[in-house]
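Each remark here refers to the structure printed beneath this line.
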Amino acid sequence: MLHCRPAEVNSLTSVVIITRGHQYDRLCLKSVIHSKACYIGMIGSSGKVRQTFQSLMAEGISKKTLEKVSAPIGLDLGGQKPGEIALSILAEIVAHGNEGSCKPMKYVKAGVLA
């Protein structure tokens, strides 16, 4: 269930869509896709995401508009536990907001042994 009205979504808002069914994903995504949210992400398998996107394109939402959605959501941290999945989602949101590279810091900053 969407807990905020799209009019309340602004450029400081990150939207994470996590539902139990394709129809709810589609409804939630449809309600925020044209918002000013700085980040929109949706959890789900590649097949679930593809099906949701195809349904929305059939309703007239462009592929270019859907490209701003991060789906499946999260960074590949290798974890499967709920806390690890939550961390991967939050890490992606932070990286997106800060234009982070998602690379290990030892490769981003000059190493201490250099």
- Message: At 1.4 Å probe size, with the rest of the protein present, what percent of the exposed accessible area of segment 21-114 is carbon and sulfur atoms?
- Response: 58
- Task: Work out how much length Asp76 to Cys38 would gain on full extension: take 0.36 nm times their residue separation and subtract the Cα-Cα distance, in nm to one decimal.
- Result: 11.6 nm
- Task: Write out the trypsin sites (Lys or Arg not before Pro) in segment 1-109 meeting two conditions: DSSP loop, and at most 14 other Cβ atoms within 10 Å of their Cβ.
- Result: Arg20, Lys36, Lys68, Lys109
- Query: Zone of Asn10 (label point 7 Å along Cα→Cβ, backbone N under 16 Å): which residues in segment 30-64?
  - Reply: 35-39
- Item | Contour minus Cα-Cα distance for Arg20 and Lys48 (0.36 nm per residue) | 9.0 nm
- Task: Would you mind computing the Rg to Rh ratio of the chain from its alpha-carbon coordinates, Kirkwood style for Rh?
- Result: 1.03
- What is the distance, in nm, between label points placed 7 Å from the Cα along the Cα-to-Cβ direction at Ile85 and at Leu27? 2.1
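The values are calculated or read from the model by the stated rules, or taken from the named source; none is laboratory data. Computed from a prediction, not measured in an experiment: that's the story for all the values here. Note that we place each Cβ from the backbone using ideal geometry, even for glycine, and neighbour counts take in every protein chain shown. Side chains included, ligands, DNA and RNA excluded: accessible areas come from the protein's heavy atoms. Shrake-Rupley method; radii C 1.70, N 1.55, O 1.52, S 1.80 Å.
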